[in-house]
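A quick write-up on the structure given underneath.
The values are calculated or read from the model by the stated rules, or taken from the named source; none is laboratory data. Since this is a predicted model, take the numbers as computed values, not measurements. Backbone-built Cβ (ideal geometry, glycine too); neighbour counts: all protein chains shown.
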Amino acid sequence: MIFGVWLVSASITLPPFCGWAKNVNTAGVCLISQDFSYTIYSTAVAFYIPMIVMLFMYYKIFKAARKSGAKHRFTDFSRRERLETVASEALRMQGLKVQHTPGVAEEYLANGDFIELLSMKSPNNV
């Protein structure tokens with residue numbers, strides 16, 4: 001794999017030394033080669049092909065993460081009840097009355113915003 005990376009980078013940098021896409025140096029000004037075929041080749045090998053490979057791999061990672069996330073969603077009601085109890089206790093500890101805000105703990109738990117629920121300011125501390 002490492003050898004392949006070195007081989008690809010050499011295939012981009014060595015052709016100008018071998019006569020393909022020579023740079024023009026006139027009057028002390030170095031001009032970038034305007035050889036169309038070398039420009040297409042070097043940008044494809046150095047940018048477009050790696051970009052396509054990365055996008056494909058990121059798509060596969062995304063699909064695997066989504067599949068893994070769907071598999072790990074909790075359906076255990078006893079665990080959900082424990083989380084609701086913890087959320088209600090967090091509200092109570094901050095001075096918020098749970099009976100005056102029905103469904104707040106459940107709403108935060110359903111959205112997965114546990115950190116936001118625990119970091120809410122109580123009316124006494126505002």
- Quickly run through the stretch 8-36 and pick out the residues that are part of a helix (DSSP H, G or I) and surrounded by 10 or more Cβ atoms within 10 Å (Cβ to Cβ). Val8, Ser9, Ala10, Ser11, Ile12, Thr13, Pro15, Pro16
- Item | Pairs where the first residue, in the stretch 6-21, is modelled with pLDDT under 80 and the second is assigned to a loop (DSSP other than H, G, I, E, B) and surrounded by 12 or more Cβ atoms within 10 Å (Cβ to Cβ), C-beta under 6 Å, 6+ apart | Ala21/Ser33; Ala21/Asp35
- Note on the structure: Pairing a residue in the stretch 38-60 that is within 17 Å of Gly4 (Cβ to Cβ) with any residue that is among the aromatic types (Phe, Trp, Tyr) and modelled with pLDDT of 90 or more, where Cβ atoms lie under 6 Å and the two sit 6 or more apart in sequence or on different chains, gives none
- Note on the structure: Subset of the stretch 41-65, residues among the β-branched types (Val, Ile, Thr) and either modelled with pLDDT of 95 or more or loosely packed, with under 11 Cβ neighbours inside 10 Å (or both), comes to Ile52, Val53, Ile61
- Note on the structure: When restricted to Ala70, Ala105, Ala110, the only residue modelled with pLDDT of 75 or more, out of contact with any strand residue (DSSP E or B) (no Cβ under 6 Å at 6 or more places or on another chain) and more than 30 Å from Ala10 (Cα to Cα) is Ala70
